[in-house]
Structures are given as structure tokens and as C-alpha cells.
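Values in this text are rule-based calculations from the coordinates and carry no lab data. Quick caveat: nothing in here was measured; it's all calculated off a predicted structure. When we count neighbours, we look across all protein chains shown, and the Cβ atoms used for this are built from the backbone with ideal geometry, even at glycine.
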Amino acid sequence: MASKITAAYRLARSTYAAYGVDTEAAIKQALSIPVSLHCWQADDVRGLETPKDGLAGGGIMATGGYPGRARNGDEMRADLDLVLQLLPGKSRLNLHAFYAETGKKVVDRDELEPEHFARWLSWAKSRRVGLDFNPTYFAHEKANSGYTLSHEDKAIRRFWINHAKACRHIAQHFAQELGKPCVHNHWIPDGAKDAPADRFGPRARLIESYDAIFADKSVNRKLCVDAVEGKLFGLGSEEYVVGSQEFYSNYALSRDLVLCLDLGHYHPTESVADKVSTHLQFHKKLLLHTSRPIRWDSDHVVILDDAVRNLFLEIARGDAWDRVFVALDFFDASINRIAAYVIGARATRQAILCGLLDPSAKIQAAEAAGRGHERLALMEQTRALPWGAVWDELCERDGVAPASLWLKDVARYERAVTSKRS
Ligand code: RNT
Ligand code: ZN
């Protein structure tokens with residue numbers, strides 16, 4: 001197998017060279033870009049808290065009943081170990097606060113401490129992966145009304161402010177312990193199913209709440225890198241989302257925070273790729289959540305579709321790799337979850353590779369010379385370039401199975417482990 005790939009790669013390398021593209025440099029760079037794996041595909045976004053409130057108030061939902069969901073932290077980590085083995089390139093792990101492990105003790109969200117994530121941290125240390133973090137503003141009785149940080153009740157707002165403050169300290173702790181910044185992303189479900197009579201009030205309160213959270217100067221923002229994520233609608237917030245895109249774009253800019261763009265959070269005809277060159281004129285950094293919306297924010301497993309390809313093509317063309325954080329965000333409970341991770345993470349890194357392999361200089365030269373037909377022809381031709389051979393070579397060099405050969409490892413693990421879970 002190895003020699004076949006090398007021959008295919010040799011041909012691909014010279015094909016790309018004819019377009020002025022250096023495949024060696026592209027492989028190296030594509031392997032070095034960190035991709036943060038969301039822990040929540042492993043257990044269908046259920047979390048590890050006791051007692052459980054389920055996803056109530058969450059506005060998001062994993063559907064499907066494929067057997068083998070991880071039922072506790074140990075099972076999640078075992079599953080993630082296999083996922084890491086099957087992925088080329090640099091990975092991180094993205095945790096949500098409701099994956100705290102507090103043993104038999106009930107610890108509410110506003111009382112979370114770094115010690116409740118000690119097992120995740122030691123796992124991350126031994127696997128040499130960085131950690132990212134998220135406050136969990138859903139799946140909790142104080143989120144059941146559909147409002148958290150923008151709630152009209154001051155006591156409820158206070159609870160969620162304190163949760164976020166606790167989480168920022170945990171994120172900072174991860175960064176200190178691992179020697180790498182921790183991206184700390186805030187997404188809240190706040191919104192209304194039907195037209196509210198007051199759209200101003202919740203948004204004004206949301207600003208107040210976030211300002212109270214970020215006023216804590218004992219958190220170093222170089223270690224805890226706060227990001228904010230808006231969306232168009234959610235389940236139960238179809239008509240009104242307090243933290244809309246415009247809200248967060250303005251808020252992040254005025255408070256020097258990272259703006260998160262999730263591929264599933266826009267009108268279906270909007271291009272997230274097109275937003276990159278707008279936001280990066282103003283914002284310093286973006287957090288990118290790769291996802292796949294089918295008709296709505298359905299969080300399907302990421303595939304190498306045009307939305308994902310175009311997104312990373314823009315990052316490549318703008319040479320903006322050091323201005324973006326890349327993270328996965330999908331959850332599908334209807335298929336093998338390990339495979340879901342591998343497919344989505346590989347597709348994301350394939351899109352990164354394809355961006356780096358794009359013969360942009362040649363295409364841009366045609367454009368600059370006014371030869372629109374040549375630009376279009378070259379763009380079409382780019383689809384036929386042998387990126388797959390370069391991908392297989394990238395996998396080989398990083399010591400992971402190329403193509404879909406990883407499927408047999410997933411099948412073996414399913415037979416031995418996940419199929420035995422009830
Ligand atoms: C929800 C957001 C958010 C969540 C995670 C679980 O629409 O995309 O990022 O998916 O926080
Ligand atoms: Zn997201």
C-alpha cells in the first residue's frame with residue numbers, strides 16, 4: 001500500500017507543481033494547524049452531571065439511537081483515544097462545563113472548580129493535547145425558561161454570570177497547566193419561540209451580564225481566550241435570538257473578544273466563507289465551528305462540502321491561519337460516533353489541505369489580467385486536481401491509515417467495546 005501511495009503522490013506533486021503549488025509545504029502546514037475535537041459527539045451532548053436535567057432549555061438536539069454512546073468520562077476518553085489514533089495532524093480537545101466529574105457530590109455550575117476537571121486535564125497532559133472550554137448555559141433548570149444571561153430575573157442572571165466566571169478560571173487553569181492558551185467559547189440559548197414584545201431589554205441585559213463576566217481581571221485573556229458565538233435561530237428560539245450575529249459581531253469588536261462563526265448558524269443561502277474577509281478587516285481573530293446544516297442548524301457530521309472547502313480556501317487566500325481557531329461542532333446519534341468524529345475531523349483537515357493546495361496565485365493572475373473566463377476555467381479545473389493523493393501521503397507521513405482504511409479499526413472497537421454498551 002505504502003509504495004502505491006508514494007507513486008500516486010509523486011505524480012500529484014508534479015501536477016500541482018505545474019500550477020505553481022508546493023505540495024510538500026502544504027502537507028507540512030496542513031498537519032500543523034490545530035483542530036479542536038468537541039467532546040460532545042461522544043455522548044450525544046448529554047453531559048456527565050448528576051442529577052441530569054437533560055437538554056431542556058438547550059435549543060440544540062442530537063437525534064438518533066445508534067448503540068454505543070459513551071456513558072461516562074472514562075468511556076468518553078477511551079473513545080477519544082481511538083479517535084486521536086485515527087486522525088492525522090495536531091488535535092486539541094474542546095470540553096463543555098457539564099462534563100465536570102464531581103463523583104457522588106452534586107456541584108452546581110456556579111461552583112465548578114478546576115479540580116472537577118482533573119481527570120480530563122491529566123488525560124490531556126498524557127496525550128499532549130491542548131484543552132479548550134465552554135460554559136454550559138443549557139441543560140439546567142435555570143435555563144428552562146429559554147433565557148440565561150439575558151433573563152429578566154436578576155438572580156438567574158447572577159447564577160449564569162457566576163457560572164461563566166468559574167469557567168474562565170477553569171480555562172485559565174487548563175492553559176497554565178498545559179502551557180497553551182485555552183479558547184473559551186460562550187454560546188447561550190436565549191431567545192423566544194414567537195415574536196417577543198420587547199427585543200431591546202434582553203439584549204441590553206446580555207451586555208450587562210457579559211460585561212460583569214469579563215470585568216474579572218484576575219483572568220489573563222492571553223490564557224483564557226474568550227470567544228462569543230451567535231446564531232440565527234434554535235429549537236424554541238425560532239423567532240428571536242438575543243445573541244444574534246450582529247449582536248456578537250459588535251460586542252466582540254467593542255470588547256476585543258474573539259468572534260465565533262459556526263457554519264450552521266446562518267440563513268442557508270449565506271456564505272460563511274464570504275464573511276471571513278469582512279470580519280478580519282475589523283476583528284483580530286475568529287473561532288470557526290465546522291458543522292453541516294441540512295435545511296436548518298441540524299449539526300450533521302462535517303463532510304468535505306463546498307461550504308467547508310470555501311471557508312478554508314478563504315483562510316488560505318488571506319493567509320489568515322494565525323488569526324483563526326478551528327473547532328468541530330456537530331453531533332449525530334444515528335451513526336457510529338467514533339466514525340462520526342473521524343469523518344468530520346478528517347473532512348475539516350482535508351478542507352484545510354485543499355485550501356493550501358489551491359493554485360490561487362495563478363487564478364488571481366488571470367483575474368487581475370481581466371481574463372474572467374480563464375479564472376473560471378481554472379477554478380473548475382482545481383476540483384479535478386489530485387488532492388486525494390496528497391491527503392493519503394499526509395496520512396502516511398503522520399503514521400495514520402490513509403483513505404478509509406481506518407474503518408476497520410472502528411469496526412474492531414465497535415465489536416469489542418461500543419456494541420457492548422447499553
Ligand atoms: C449551538 C452552538 C454551540 C453548541 C455547543 C454544544 O448552536 O453551535 O457551539 O453546539 O456549545
Ligand atoms: Zn457552534
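For region 82-140, state the semi-axes of the equivalent ellipsoid (square roots of 5 times the eigenvalues of the alpha-carbon gyration tensor), sorted largest first and rounded to whole angstrom. Numbers along the way, then the final one.
Details: eigenvalues 120, 33, 17 Å².
For region 82-140, the ellipsoid semi-axes come out as 25, 13, 9 Å.
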- Task: Could you tell me how many degrees, from 0 to 90 and to the nearest 10, lie between the Cα long axis of helix 337-357 and the main elongation axis, the longest principal axis, of the Cα atoms of the chain?
- Result: 50 degrees
- Item | Span from the region 271-337 Cα centroid across to the region 157-206 one, whole angstrom | 21 Å
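If you keep only loop residues by DSSP, which trypsin sites (Lys or Arg not before Pro) in region 269-314 have at most 15 other Cβ atoms within 10 Å of their Cβ? Write out the running numbers ahead of the final one.
Details: sites: K275, K284, K285, R295, R309; in loops: K284, K285, R295.
Taking region 269-314 and a limit of 15 other Cβ atoms within 10 Å, the loop trypsin sites (Lys or Arg not before Pro) found are K284, R295.
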- Task: Binning at 10 Å from 0, report for the chain what percent of all alpha-carbon pair distances ends up in each bin.
- Result: 4, 21, 32, 26, 12, 4, 0
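Give me T50, T290, T418 sorted ascending by neighbouring Cβ count inside 10 Å, so fewest comes first.
Details: T50 11, T290 28, T418 21.
So the residues, fewest neighbours to most, are T50, T418, T290.
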- Choose one answer from R292, R397, R46: the residue with the largest mean-square fluctuation in a GNM of the chain with alpha-carbon springs under 10 Å. R397
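Of R415, R13, how do they rank once you tally other Cβ atoms within 10 Å and put the fewest first?
On the way: R415 10, R13 18.
Lowest count first: R415, R13.
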- Query: Can you give me the Cα centroid spacing of region 251-267 and region 347-371 in angstrom?
  - Reply: 26 Å
- So what is the relative contact order of the chain, in percent, for Cα pairs below 8 Å that sit 6 or more residues apart? 21 percent
- Note on the structure: Spelling it out for G191: with amide H atoms placed in the peptide plane at 1.01 Å from N, the residues 5 or more places away or on another chain with amide H under 5 Å from its amide H are V242
- Mind telling me which of H163, H140, H373 comes out most flexible in a GNM of the chain, alpha-carbon contacts under 10 Å? H373
- Query: Which Cα, out of L48, W120, H96, lies furthest along the positive dipole direction of region 20-137 (beta carbon charges, K/R +1, D/E -1)?
  - Reply: W120
- Task: Please give the helix 154-178 orientation as an angle from the longest Cα principal axis of the chain, in degrees from 0 to 90, rounded to the nearest 10.
- Result: 40 degrees
- Determine the gain in length on full extension of the stretch S419-V106; use 0.36 nm per residue of separation and subtract their C-alpha separation, reporting nm with one decimal. 109.7 nm
- Query: chymotrypsin sites (Phe, Trp or Tyr not before Pro) within region 207-294: which are DSSP loop residues with at most 16 other Cβ atoms inside 10 Å?
  - Reply: F282
- Message: Quick check: the angle from helix 2-18's long axis to the longest principal axis of the chain, C-alpha only, nearest 10 degrees?
- Response: 80 degrees
- Using a 10 angstrom cutoff on alpha carbons, build the Gaussian network for the chain and name the most mobile of K142, K104, K231. K104
- Message: Placing +1 on the Cβ of each Lys and Arg and -1 on the Cβ of each Asp and Glu in the chain, which of A8, S291, I170 has its Cα farthest towards the positive end of the resulting dipole?
- Response: A8
- Could I have the simple spin-label model distance between D153 and D322, label points 7 Å from Cα toward Cβ, reported in nm to one decimal? 4.8 nm
- Among S36, S419, what is the fewest-to-most ranking by other Cβ atoms within 10 Å? S419, S36
- Taking the DSSP beta bridges in the chain as the whole, what percent of them are antiparallel, to the nearest 5? 15 percent
- Message: Compute the distance from the alpha-carbon center of region 124-143 to that of region 71-90, in whole Å.
- Response: 15 Å
